[in-house]
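Beneath this line is the structure, given in structure tokens, with notes to follow.
The values are calculated or read from the model by the stated rules, or taken from the named source; none is laboratory data. Note that the structure is a prediction, hence the values are computed from the model and not measured. Note: ideal-geometry Cβ built from the backbone for every residue, glycine included; neighbour counts use all protein chains shown.
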Amino acid sequence: MKMTLIFKAGETIEFIGDSITDCGREDPAFNPLGNGYVLYVHHLLQSGYPELELKILNKGISGDQVTDLKTRWKPDVLELLPDWLFIYIGINDVWRFFEGDRNEAIPLPEFENTYRQCINGARMNTQAQIRLVSPFLGEKDPVDSFKKRLGHYQEAIDNLGQEFSLPVIHLQPAFDWAMLTKPAFYWTTDRVHPTEVGHMLIALTLLRACGFSL
């Protein structure tokens with residue numbers, strides 16, 4: 001059954017998250033949408049549904065964890081009052097267990113509780129329709145330690161989706177499927193950051209979950 005696009009004319013769609021969302025949006029060459037999946041979402045929507053005149057906002061900041069989102073939630077979400085809010089966070093919260101300063105890693109209970117506070121804030125102070133975007137790792141080995149730990153955070157996001165009756169968009173299955181035919185380095189530069197085609201895969205996965213039809 002063909003889905004209908006969930007966005008309506010004149011709506012504002014915000015994407016908030018870390019470097020995967022940011023993608024150089026502060027660089028004059030890529031301002032304001034960056035050069036990653038947010039830009040591709042914009043192009044696909046503008047070319048596929050130009051009559052809707054949708055506005056896209058990029059509020060990604062490189063290196064962000066869920067605690068960083070909470071700190072900037074008021075100016076970057078509550079004061080902007082988007083019609084749609086896509087929250088894409090979690091990979092840095094786990095990555096710090098394996099690279100960088102381990103003290104900066106966000107334990108699972110804190111991750112889930114902080115994420116819950118952000119959702120509550122948006123629901124109480126805006127009319128935004130929220131979508132949770134579950135992060136991925138470009139890794140085929142199911143017993144890889146990073147992938148196993150990330151799985152618990154992905155599960156926490158699923159639990160939050162159930163708790164708040166919010167749809168969760170899962171990127172991991174899309175990349176797992178993609179890696180059946182092309183290796184991880186085709187889709188990501190370091191298992192975490194997507195290549196150009198990896199960003200397009202994210203954009204298409206997000207939009208297909210929203211009723212976009214090519």
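What is the residue count in the stretch 7-36 for residues that are in contact with a Gly (Cβ under 9 Å, 6 or more places away or on another chain) and surrounded by 15 or more Cβ atoms within 10 Å (Cβ to Cβ)?
Residues flagged as in contact with a Gly (Cβ under 9 Å, 6 or more places away or on another chain) and surrounded by 15 or more Cβ atoms within 10 Å (Cβ to Cβ) within the stretch 7-36 amount to 16.
What pairs come up if the first residue lies in the stretch 33-60 and is farther than 28 Å from Gly90 by Cβ, the second is at pLDDT 95 or above and in a strand (DSSP E or B), and their beta carbons are under 9 Å apart, counting only those six or more places apart or on different chains?
Sorted first by the residue in the stretch 33-60, then by its partner, the pairs are Gln46/Ile56.
So, in the stretch 92-143, of the ones that are in contact with a Lys or Arg (Cβ under 9 Å, 6 or more places away or on another chain) and of a type in the set (Asp, Glu), which residue ends up surrounded by the fewest Cβ atoms within 10 Å (Cβ to Cβ)?
Only one residue fits best here, namely Asp141.
Here is a list of conditions, (1) farther than 30 Å from Gly151 by Cα; (2) out of contact with any Ser or Thr (no Cβ under 7 Å at 6 or more places or on another chain); (3) part of a loop (DSSP other than H, G, I, E, B), and Leu81 meets all of them except one; can you say which number that is?
(2)
Only residues in the stretch 175-188 that are in a loop (DSSP other than H, G, I, E, B) and surrounded by 13 or more Cβ atoms within 10 Å (Cβ to Cβ) count as the first member; pair them with residues that are among the acidic types (Asp, Glu) and at pLDDT 95 or above, Cβ under 9 angstrom, at least 6 apart or cross-chain, and list the lot.
Note: pairs meeting the criteria are Met179/Glu139.
Determine whether the stretch 87-106 contains at least one residue that is touching a Ser or Thr at 6+ places or on another chain (Cβ under 6 Å), among the polar types (S, T, N, Q) and part of a helix (DSSP H, G or I).
Within the stretch 87-106, not a single residue is touching a Ser or Thr at 6+ places or on another chain (Cβ under 6 Å), among the polar types (S, T, N, Q) and part of a helix (DSSP H, G or I).
With the requirement that a residue be more than 30 Å from Gln46 (Cα to Cα), of a type outside the set (Phe, Trp, Tyr) and touching a residue at least 24 places away in the same chain (Cβ under 8 Å), what does the stretch 69-114 give you?
Residues satisfying the conditions are Lys70, Asn92, Asp93, Val94, Arg96, Glu104, Ile106, Leu108, Glu110, Glu112, Thr114.
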